[in-house]
Amino acid sequence: MKLEHLERLVDDGVSRRAFARTMMRGAAGVGGVLALGSAEEAAAQGLTDVDILNFALNLEYLEAEFYTVAVTGRRIADIGLGVSGRGRGGDTVGGSRVAMPDRLMTVAQQIALDEQVHVAFLREALGSAAVAKPAINLNALGVGFNDVKEFFTVARAFEDLGVSAYGGAANLIRDRSILQAAAQIGLTEAQHAGVIRLLVSDLGLMPAMVDQFDVPTLMSPSGRLFQVDGQGRSTIRTAGQVLAVAYGSATAGTRAGAFFPDGVNGVIASV
């Protein structure tokens, strides 16, 4: 299988930015709303749509770094993605390019492209309100980059976490155009999760559950191919439950740890 075209798009900042602009034009209403600073408060917790999108941006920074490092050996800033913004910026440490068979590399590269565009899209939509990329430790678990099995074990956790985060945020978003754009990203994450969960079972893996909301993968006892409940609905998490996984601690008030050693940026930042 030829991978050169994917590698060029991953490596070529001009091509990637052109792709991002195309996506952004399709959701221009989101950028317009946020650029004018007219975000409305969410129904619960007094949060604004800007707060919610910035929370999502922190998670997209993490996913984009994870996949970009795995398929290129470089950080997102090295390939031209913006990482500056409000809050405390930080370096990304850990990780390395992962050697994979062509079929698996194609999956990883396709997901890397999507995650890079998600970062670019959210940053464009948020404009000057976008938070900076916080410090990220890709070696927080001590695994993930030594071989294909490690990589897809961690990827499975990230994708399932991302799906649950977007699902949990849906009822907090007030602006319909923003909700639609967030739903589109969440659905993309769900497609990623489905493919990765299948590959995890093909590899004979039985990843440990990250919390009580997790759904065992297919090869596990009582496992399922998809991350769904008994009614066929994707599982969801609150922001605090998402951060409990990312920080490696479910203790109320936790504001940093694991993948985010200095915490995330924005209003939504604690378990």
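The values are calculated or read from the model by the stated rules, or taken from the named source; none is laboratory data. Every value quoted in this text rests on a predicted model; they were computed, and no experiment measured them. Virtual Cβ from ideal backbone geometry, glycine too; neighbours counted across all protein chains shown.
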Here are Thr235, Thr217: which of them is surrounded by 17 or more Cβ atoms within 10 Å (Cβ to Cβ) and either at pLDDT below 95 or within 14 Å of Thr153 (Cβ to Cβ) (or both)?
Thr217
Quick check: is even one residue across segment 239-247 more than 26 Å from Gly204 (Cα to Cα) and without any contact (Cβ under 8 Å) to a residue 12 or more places away in the chain?
no
Name the one entry in Gly90, Gly142, Gly85, Gly95 that is touching a Gly at 6+ places or on another chain (Cβ under 9 Å) and either buried (at least 19 other Cβ atoms within 10 Å of the Cβ) or more than 15 Å from Glu60 (Cβ to Cβ) (or both).
Gly95
Does at least one position in segment 207-221 carry a residue that is assigned to a helix (DSSP H, G or I) and either within 29 Å of Gly73 (Cα to Cα) or under 16 Å from the mean Cα position of the chain (by Cα) (or both)?
no
Collect the residues in segment 131-182 that are hydrophobic (A, V, I, L, M, F, W, C), over 19 Å from Ile268 (Cα atoms) and part of a helix (DSSP H, G or I), keeping them in residue-number order.
Val148, Phe151, Phe152, Val154, Ala155, Ala157, Ala181
For segment 231-257: of the residues being touching a helix residue (DSSP H, G or I) at 6+ places or on another chain (Cβ under 7 Å) and of a type in the set (S, T, N, Q), which is farthest from Asn139 (Cα to Cα)?
Ser234
Mind checking whether some residue in segment 190-207 is in contact with a helix residue (DSSP H, G or I) (Cβ under 7 Å, 6 or more places away or on another chain) and free of Cβ contacts under 8 Å to residues at least 24 places away in the same chain?
no
So which of Arg75, Arg88 ends up being farther than 24 Å from Ala157 by Cα and either among the charged types (D, E, K, R) or assigned to a helix (DSSP H, G or I) (or both)?
Arg88
I'm trying to understand the selection: among the residues of segment 169-214, which are touching an Asp or Glu at 6+ places or on another chain (Cβ under 7 Å), crowded, with 18+ Cβ neighbours inside 10 Å and within 23 Å of Asp51 (Cβ to Cβ)?
Ile173, Asp175, Ile178, Thr188, Glu189
